[in-house]
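These notes concern the structure reproduced below.
The values are calculated or read from the model by the stated rules, or taken from the named source; none is laboratory data. It should be emphasised that the depicted structure is a prediction, and the values quoted were computed from it without experimental measurement. Every residue, glycine as well, gets a Cβ built from its backbone with ideal geometry; the counts of neighbours run over all protein chains shown. These area figures cover heavy atoms from the full protein model, side chains too; ligands, DNA and RNA do not enter into them. Shrake-Rupley method; radii C 1.70, N 1.55, O 1.52, S 1.80 Å.
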Amino acid sequence: MGIHPYDGVSYQDEKRDAENLKLFGEVNPVADVIGHAVQNFGFSVAQVDHMNPELNRLHLQAIWETERRLQTDINLLAYILIPITLNGEIVSYSERAHSTLFGYDLDAVGEDAYMAQIKQDKILEYTVGGTLDNLVTPKTVEPYSQADAENFEIDYATLEQYLGFFAGCKIFVADPGAEIDLLAAVGRFDLIQEYLEFLRGRFDTVISSVHHGGITIPLIEEQGIDFDGYIVPINQPGMYMFPTQDRVVDAVRNTNKPVIAIKPMAGGRYLGEKAFEYVLNDVGVESVMFGMGTIEQVTETATAARNVLGLSS
């Protein structure tokens, strides 16, 4: 079970975001939906996050309430932001980071292929404020130089604060954030390895989100960095699949690590069994994570997924 839209994110527009924030502002409505998914469709793992503390804590409370009601355990997959710093300032989500990643993709596949990819990407459009005119590129913001990258560090004191958000939780899988892409883009594989080793001291299973999987996954594996698996955006329309859909699919098919597909329904734009046939059968991932905001959405989406998996009764 994905965490969206419980944290307000719709991947559609600001109006839908606001509706989500209103709908999921209390524990019981969220627990009702999670309980339906667990009790009637066999879900046993939920993604949790710490980046929106108020809503993310409410989401955790809803999970605990569901466990209490159903007398069952729900395994937690925890997203953990990597606090990358430059000169003491966290830069993980800075404009220069976005500019660097834009250049990373552009260099990998060329301008024509990359621009064709992003011009059709409605999720990307949503994330940059509703228009691709807001994209941060090396032409608008200076990317990080190699000299900058050599001074990148991971702020482990801040990381301990992030981990403290999950105090009392039994974390089933730890998921370093997609900031792994930034570290790969600037060649700081030493920091990726260092961070992985830190998390392995705390958690049994450590996977990695990658939003630029078509480049980052092969690079990580060339460097011998041994995550237990990956979380990657994969959907038939190709949204949020960087640098291109073909490169992501090739990387996923060529890794020997399990892959969890996220955004399989392209932010609510590609629904039903066809969405799961693509990620599970055509691409061949091991698992799928998706958000479900209402009992009706759970029933429709989970039924479609189970039908593709051959689990329908």
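General remarks:
- 1.4 Å probe accessible area per residue over the chain, in Å²: 45 Å²
- For the residues Leu199, Leu163, a 1.4 Å probe over the protein chains yields an accessible-area ranking, largest first, of Leu163, Leu199.
- When the surface is traced with a 1.4 Å probe over the full set of protein chains, Ile154 keeps roughly 20 Å² accessible.
- Local net charge near Gln117, Cβ-Cβ under 13 Å (Lys/Arg +1, Asp/Glu -1): -3
- Relative to one another, the C-alpha centroids of segment 162-184 and segment 113-127 are positioned 27 Å apart.
- Where only C-alpha atoms are counted, convex hull volume of segment 43-158 per residue in Å³: 166 Å³
- Helices in the chain, meaning DSSP H runs of at least 4 residues, each add -39500 (n - 2.57). Divided by all residues, the mean residue ellipticity at 222 nm is -13500 deg cm²/dmol.
- Heavy-atom surface analysis with a 1.4 Å probe gives the chain a carbon and sulfur content of 46 percent of its accessible area.
- Scanning the chain for trypsin sites (Lys or Arg not before Pro) in DSSP loops with at most 16 neighbouring Cβ atoms within 10 Å leaves 1-138 as the longest stretch between them.
- Within the chain, percent of DSSP bridges classed antiparallel, to nearest 5: 20 percent
- Solvent exposure ordering (accessible area, 1.4 Å, most first) of Tyr144, Tyr195: Tyr144, Tyr195
- Theoretical FRET efficiency, 1/(1+(r/R0)^6), r = Cβ-Cβ of Leu23 and Gln161, R0 25 Å, to 0.05: 0.30
- Solvent-accessible ranking of Val308, Val248, largest area first, probe 1.4 Å: Val308, Val248
- For His4, the accessible surface of its heavy atoms amounts to roughly 50 Å² (probe 1.4 Å, protein chains only, rounded to the nearest 10).
- Each residue of the chain gets 128 Å³ once the volume of the Cα convex hull is shared out per residue.
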